[in-house]
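*Asks:* Below: one structure in structure tokens.
The values are calculated or read from the model by the stated rules, or taken from the named source; none is laboratory data. Keep in mind the model is a prediction, meaning the values are calculated, not measured. For neighbour counting, all protein chains shown are included, and Cβ atoms are generated from backbone atoms with ideal geometry for every residue, glycine included. Keep in mind that these areas ignore ligands, DNA and RNA; they rest on the heavy atoms of the full protein, side chains included. Shrake-Rupley method; radii C 1.70, N 1.55, O 1.52, S 1.80 Å.
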Amino acid sequence: MHPDWLGSPQHFVGGLVLALAVSLVVRRRVREWWVVPALALGATAAAELFIEIVEYPILHSDEADSTAYYDTIADLAATMVGAVVGAALGLIGLRRSA
């Protein structure tokens, strides 16, 4: 039993889009460059945490094995990898617009 790291591409894409959107919205409102990725990653992590807290009891309440655990871990990881890529793209956009 192991996580299916590529089984939830929607989590990667969702993390990328949310982090990029937050980066684009806040980049003109902050003075320090590091605040942009911090806010983007934080917002994405909070959103994914909320999604998984809601999803877990709905989808996995009747499972007593590790499959549900691995699914949750893989979803969290995929979202955060997408968030890192989105935050990086936001920083690239910040550099180009400066």
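*Asks:* Among (1) surrounded by fewer than 14 Cβ atoms within 10 Å (Cβ to Cβ); (2) under 18 Å from Ala21 (Cα atoms), which single condition is Asp62 missing?
*Replies:* The failed condition is (2).
*Asks:* To continue, here is another question. Specify the residue that is modelled with the lowest pLDDT; the eligible residues are those in region 1-16 that are exposed (fewer than 13 other Cβ atoms within 10 Å of the Cβ) and part of a helix (DSSP H, G or I).
*Replies:* Taking the candidates together, the pick is Pro9.
*Asks:* Applying the selection to region 30-50, what residues are touching a helix residue (DSSP H, G or I) at 6+ places or on another chain (Cβ under 7 Å) and not in a helix (DSSP H, G or I)?
*Replies:* Scanning region 30-50 gives Val30, Trp33.
*Asks:* Based on this model, can you work out whether Val81 counts as at pLDDT 85 or above and open to solvent by less than 60 Å² (accessible area, probe 1.4 Å)?
*Replies:* The answer is no for Val81.
Residues checked against (1) open to solvent by less than 40 Å² (accessible area, probe 1.4 Å); (2) of a type in the set (A, V, I, L, M):
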{"residue": "Leu18", "(1), (2)": "no, yes"}
{"residue": "Ser23", "(1), (2)": "yes, no"}
{"residue": "Trp34", "(1), (2)": "no, no"}
{"residue": "Tyr56", "(1), (2)": "no, no"}
{"residue": "Tyr69", "(1), (2)": "no, no"}
{"residue": "Leu76", "(1), (2)": "no, yes"}
{"residue": "Ala88", "(1), (2)": "no, yes"}
